[in-house]
Amino acid sequence: MKSPEIPGRFNQLTGLLGGSGATAFSGEAHPALLTAVAELLTNSQGAGLAGLVRTFEQQGLGSIVASWIGTGANQAISPEQLTQVLGAERIQAIASKLGIAPETVTSQLTTVLPQIINHVTPAGSVPHASAVQEALGALAWHYWALRGYGRSIRFSLIDGGSHKGRRS
């Protein structure tokens, strides 16, 4: 089971998303990339993570996504393979929404998507959609905590919000 590694995985993921620590890119990943990935993994029209896994399998890339879900090492995916799975239209839509080039989206997603899928599948299998949403929420909270908002969020939760809007 992958759960004991959660703090280390959070740090690795938030580093990739431009939090503290080194990034896997020459620059930071786009800050809204986590939101784009969350939409991919929770989109009810595309059946969320389970639907994305089926798409990988239909494109002959099931072993790659299975490695991200399983407890072993994550296999790499190329930008071309990712475009094959997600489709050029979806990549373009994400790029337009983020205001970056489609090539940048695929380049960053080849690193971020495997690690986020790995994070939301700690038991080595595709969880129920609500568990995916919960794991993504925890990741988002950790990401913002590293950006300096964590203390105000914590105080807000502890005292019913009297510190709302303040950064501590």
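Structure values in brief
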item: Subset of segment 51-104 [in contact with a Pro (Cβ under 6 Å, 6 or more places away or on another chain) and closer than 21 Å to Ala131 by Cβ]; result: Trp68, Asn74
item: Residue satisfying condition, being under 30 Å from Gln58 (Cβ atoms) and either assigned to a helix (DSSP H, G or I) or at pLDDT below 90 (or both), within set Ser156, Ser96, Ser125; result: Ser96
item: Which listed residue, of Thr71, Thr55, is under 19 Å from Val105 (Cβ atoms) and of a type in the set (Ser, Thr, Tyr); result: Thr55
item: Qualifying residues in segment 80-137 (those that are without any contact (Cβ under 8 Å) to a residue 24 or more places away in the chain and within 11 Å of the chain's Cα centre (by Cα)) - the one surrounded by the most Cβ atoms within 10 Å (Cβ to Cβ); result: Ala135
item: Among the residues listed as Val105, Val85, the single one being touching a His at 6+ places or on another chain (Cβ under 9 Å), in a helix (DSSP H, G or I) and closer than 25 Å to Gly137 by Cβ; result: Val105
item: Which numbered condition Gly148 fails, given (1) at pLDDT below 90; (2) surrounded by 15 or more Cβ atoms within 10 Å (Cβ to Cβ); result: (2)
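The values are calculated or read from the model by the stated rules, or taken from the named source; none is laboratory data. The shown structure was predicted, so the numbers you read here are calculated from the model rather than taken from an experiment. Counting neighbours? That spans all protein chains shown, and the Cβs are built from the backbone with ideal geometry, glycine included.
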